[in-house]
1. Considering each of Gly37, Gly12 in turn, give the residue that is surrounded by fewer than 16 Cβ atoms within 10 Å (Cβ to Cβ), out of contact with any helix residue (DSSP H, G or I) (no Cβ under 6 Å at 6 or more places or on another chain), of a type in the set (Gly, Ala, Ser) and at positive phi.
2. Which of (1) closer than 24 Å to Val180 by Cβ; (2) free of Cβ contacts under 8 Å to residues at least 24 places away in the same chain is the odd one out, the single condition Glu290 does not satisfy?
3. Test Gly234 against the criterion of being farther than 18 Å from Val180 by Cβ and touching a residue at least 60 places away in the same chain (Cβ under 8 Å), and give yes or no.
4. Looking only at residues that are within 13 Å of the chain's Cα centre (by Cα) and free of Cβ contacts under 8 Å to residues at least 40 places away in the same chain in the stretch 120-148, which one is nearest to Leu64 (Cα to Cα)?
5. Looking only at the stretch 122-153, how many residues end up being touching a helix residue (DSSP H, G or I) at 6+ places or on another chain (Cβ under 8 Å), of a type outside the set (Ser, Thr, Tyr) and under 29 Å from Ile282 (Cα atoms)?
6. Kindly establish whether Gln48 is loosely packed, with under 15 Cβ neighbours inside 10 Å and over 24 Å from Ser242 (Cβ atoms).
7. So which residues in the stretch 45-67 are touching a Phe, Trp or Tyr at 6+ places or on another chain (Cβ under 9 Å) and assigned to a loop (DSSP other than H, G, I, E, B)?
8. Name every residue in the stretch 230-259 that is surrounded by fewer than 18 Cβ atoms within 10 Å (Cβ to Cβ) and touching a helix residue (DSSP H, G or I) at 6+ places or on another chain (Cβ under 6 Å), in order of residue number.
Amino acid sequence: MNYELDFWVIGGDLRQVRLAESLARDGHRVHTFALGGQGEPLPGLTSQPCLRGVEQADCVVLPLPVLDAEGKLSTPLDPDPLPFQNVLDRLDPRQIICAGMVTPAAAQAAAERGITLHDYFAREELAVANAVPTAEGALQIAMEEMPITLHGARALVIGYGRLGRLLAQRLSALGARVSVASRRFDHLAWAEAFGWGGEHTEQLSGWLCGYDLIVNTAPARVLGRAELADLKEGALVIDLASKPGGVDLEAAAQLGVKVIWALSLPGKVAPVTAGQCIRDTIYHILHELEVGE
């Protein structure tokens, strides 16, 4: 950005804490609210006790995801629930409001007040950037939880999108014997081109008994009872899919299959990097809206 802007960062987890710090280091005036009082003391960075003055901000950044399971603003670092409508009522339609994983209900509530929510999580550049710490976090979990090395292990990556590609590459680099499962035949062709095995996602049942590690990235239920029953004893399943997930957890528990549902890994394993990725994406949004040029 070419000049100092006034930002408010409201709610969220450690990603938003690091985002606020990063914005302040860039020379902007940054106010935080409902972040649990966390953060490094920096010039230009102020923790606010209430939302007084938020209507003066050039840009307001809401959390990722913007709403929690109860429909309130997501504030995992703050003990006091914050109704989403209360935040919207303090904002001005002329402000730039950025939020992550905007649900139809959140978008409608904002639209009723003339407010547009710019979903930074829906941006391709953030999806690509987030895939890196997510892949690294999945590898960390696998190395901590498996009784064998990744080198030589048979690993199946379900889904060959941004995250699946990075995971397959990194597992292969560590010496794992990698296979990829996908519904798309072009994805399976790419897997073969890299020297990896291929499985069709809709035909997994009966073909999973040889894998030591299965990592699901597909946002759909792909591992049900039939597929889980095929797994050999001691196999580890890591599910990276957003809610409702890609694994039948009840069936897994009944079958004694170890499943780790690893949500929001960027904020847990690399909050500084994740915060910087959100910052860069917000800068892109502001650039496209010709704010701060």
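1. Residue meeting the stated conditions: Gly37.
2. (1)
3. Yes, satisfied.
4. Ala122
5. Residues in the stretch 122-153 being touching a helix residue (DSSP H, G or I) at 6+ places or on another chain (Cβ under 8 Å), of a type outside the set (Ser, Thr, Tyr) and under 29 Å from Ile282 (Cα atoms): 16 in total.
6. no
7. Scanning the stretch 45-67 gives Gln48, Pro49, Cys50, Leu51, Gly53, Ala57, Asp58, Leu62, Leu64, Pro65, Val66.
8. The answer is Ala251, Leu255.
The values are calculated or read from the model by the stated rules, or taken from the named source; none is laboratory data. The structure presented is a predicted model; accordingly, all values stated were derived computationally and were not measured. So basically every Cβ, Gly included, is an ideal-geometry build from the backbone, and we count neighbours across all protein chains shown.
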